[in-house]
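Chemist: Structure provided below as structure tokens; questions to follow.
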Amino acid sequence: MSRGGELVFKTKKTSEKISENIHIFANDPSLAFFRVQEHVRKVSPAIFEKRDEVFQLQNKLQGHCYDMEYGIQALRTIEKSESVFDNIQEMIKASIFLKQQLRYEENRKKIKKESTKSSVYKRFSAHLALDLPELPDFGGVMRETSQRMENIIGPTAATGRSEAQTTQSSNPGELQRSYTTLH
């Protein structure tokens, strides 16, 4: 090859390399943007899901923070209410003491009444030296006797009554009570 052919060959090769580099420089940014766009399309749904997760966690965390602040305020309020609980405790002690006093007084009155009753009974029974025999039940006999008396008095009393007795009793079989009974 001659020098002239060599020069043409080198020039051709250089111009091809320059054109190739220009082509690469011209298309490389668009290829890079394509790759970036492809990456964004693949990653953006996952990023949005993570973003939603972060927002939910943030809301939960904020709620827990509010709960914690509320709990702290409640504890501080309880610490401040110690005097109220002391007052309540003192009132309970006082009420228990008063209840015990009332119970003591009631028991004392009961004992006093019992001792008074028993002492009167003892004094009365000390003078009595009677041994009474056991008496049978007279309930049935009394009812039977009162019915007999009403039957006997009823028909004869209706015919032999005075006007004052008739006006006092509206039932002819009813017995008249005496106004001179012993009380």
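Chemist: Using 0.36 nm per residue, how much length does the chain from Ile111 to Arg148 gain when fully extended, once their Cα-Cα distance is taken away?
Modeler: Gain on extension, Ile111 to Arg148, equals 8.4 nm.
Chemist: Projected onto the charge dipole of segment 3-123 (+1 at Lys/Arg Cβ, -1 at Asp/Glu Cβ, origin at the Cα centre), which of Gly63, Ile88, Gly5 gives the Cα projection farthest towards the positive end?
Modeler: Ile88
Chemist: Turning to a different aspect of this structure: Cα to Cα, under 19 Å, and not fewer than 8 places away if on the same chain: which lysines meet these conditions relative to Lys50?
Modeler: Correct list for Lys50: Lys42, Lys60.
Chemist: Okay, next question. At 1.4 Å probe size, with every protein chain present, just tell me what the per residue accessible area of segment 3-123 comes to in Å². All intermediate terms of the calculation are to be shown ahead of the outcome.
Modeler: Numbers: 11860 Å² over 121 residues.
Accessible surface, normalised per residue, equals 98 Å².
Chemist: Can you give me the % of accessible surface on segment 1-91 that is carbon or sulfur? Probe 1.4 Å, all protein chains present, nothing else counted. Write down the numbers at each step before the final one.
Modeler: On the way: 5520 of 8810 Å².
Percent of accessible area from carbon and sulfur atoms in segment 1-91: 63.
The values are calculated or read from the model by the stated rules, or taken from the named source; none is laboratory data. Since the structure is predicted, the reported quantities are computational estimates derived from the model, not experimental observations. Cβ: placed from backbone, ideal geometry, glycine included. Neighbour counts: every protein chain shown. Note: areas computed on protein heavy atoms with side chains; ligands, DNA, RNA excluded. Shrake-Rupley method; radii C 1.70, N 1.55, O 1.52, S 1.80 Å.
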